[in-house]
Ligand code: FEO
């Protein structure tokens, strides 16, 4: 059980963190997890001892060791699966076999999705939105949060401890021995929480105010928010801050900021991008230039979250968009950013398909162009660079005007 190695961490009077820390993961389905992550699971020491979520399969021993440091895992009566994605359910069936719980609960969609993952014969009971289940000396209440970010997602709330188990919501990919947000540098928390929101929750941003309303209507007043990744929020200041951040990010209200993302073959598009940036800067917007030789798609998306414009520069290679730009734009299209202007530029040799291809992708994404695209043949002339500057200035002005 490794109980002499791994220890549970007390979260509130009757709740312990029993998750796992993954220091080495760097790819989370296409998302660069530069700081690793945690898979959080929680043990509620009620009359009916309850485990909330499990962990990614290779971390089962760490989970079981932390559980065993406070109770015999065989004493667990109930397991709750708030979310069926494999980072939280990967060892669920193994844990069920070891623990032989009286009950396993998931949302209705959770029961279906867990059957898709592990087969139809699992003894898992569906709970309804708003249903309360007694754990003996305390209750737990379930709240469906469909499509935040899977159809099965739900929150669980312990009214007695004012503790909200929020699965992926309010989480971040951040490995640390500090279990609580108030023990970690604010700038790291802000960046990683924004990155998580941008890369995981952005397509469903419109649902977030509805969940906030639902929480208020249900009378949940969490004093602790315990997500399935990253640190736990336990101070009123931190809880207010993360709730406010979610309100801002879900509105996708742009700031005076533009992101320029580009790649280059023989430095022509690189030169154009710098002229575009000078034009943007002259309009007063904050500029973030992201060369794709060194910027990961998930970091680009993080910068796009609060930007008013995205300017994309691509050379044409073999009658096509440069592959790194195709990657970023395909990823970004799925994340459905809102309230952002687009612009395209790039160098070509003899045909120049990249720029119209970028324009077409923007059209498919319902992103309006903020200025006239610029193409140049082989190497930009002074006149081409002036056009790039003008493009940046025009887009920047539109961003600034939209903020007034
Ligand atoms: Fe952390 Fe959607 O799984």
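Every residue in region 71-90 that is within 16 Å of the ligand (Cβ to nearest atom), in a helix (DSSP H, G or I) and in contact (Cβ under 8 Å) with a residue 60 or more places away in the chain, please. Please lay out each step first, then the result.
Initially, region 71-90 is screened for residues within 16 Å of the ligand (Cβ to nearest atom), giving 80-90.
With in a helix (DSSP H, G or I) added as a condition, the list becomes 86-89.
Correct list: 87, 88.
The rows are residues; the columns are (1) closer than 15 Å to residue 171 by Cα; (2) without any contact (Cβ under 8 Å) to a residue 60 or more places away in the chain; (3) surrounded by fewer than 22 Cβ atoms within 10 Å (Cβ to Cβ).
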| position | (1), (2), (3) |
| --- | --- |
| 186 | yes, yes, yes |
| 192 | yes, no, no |
| 198 | yes, no, no |
| 208 | yes, no, yes |
| 226 | yes, no, no |
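Within 16 Å of the ligand (Cβ to nearest atom), within 15 Å of the chain's Cα centre (by Cα) and not in a loop (DSSP other than H, G, I, E, B): does that describe residue 200?
yes
Specify the residue that is nearest to the ligand (Cβ to nearest atom); the eligible residues are those in region 32-53 that are over 14 Å from residue 8 (Cα atoms) and touching a helix residue (DSSP H, G or I) at 6+ places or on another chain (Cβ under 6 Å).
In this case the residue turns out to be 53.
Can you name the residue in region 114-134 that is within 24 Å of the chain's Cα centre (by Cα) and under 16 Å from residue 96 (Cα atoms) and, of all such residues, is surrounded by the fewest Cβ atoms within 10 Å (Cβ to Cβ)?
The residue in question is 117.
Would you please name the residue that is farthest from the ligand (Cβ to nearest atom), looking only at residues in region 156-173 that are part of a loop (DSSP other than H, G, I, E, B) and surrounded by fewer than 24 Cβ atoms within 10 Å (Cβ to Cβ)?
Checking each candidate, the answer is 162.
Can you name every residue in region 292-320 that is free of Cβ contacts under 8 Å to residues at least 40 places away in the same chain and either within 21 Å of residue 396 (Cβ to Cβ) or not in a loop (DSSP other than H, G, I, E, B) (or both)?
295, 316, 320
Within region 93-113, how many residues turn out to be surrounded by 22 or more Cβ atoms within 10 Å (Cβ to Cβ) and within 13 Å of the ligand (Cβ to nearest atom)?
Selection size over region 93-113: 1.
Bear in mind that the values in this text are calculations on the coordinates, not laboratory data. This one's a predicted model, so the numbers in the text were calculated from it and none came from an experiment. A quick note on method: Cβ atoms are made from the backbone with ideal geometry, for glycine too, and the neighbour counts reach across all protein chains shown.
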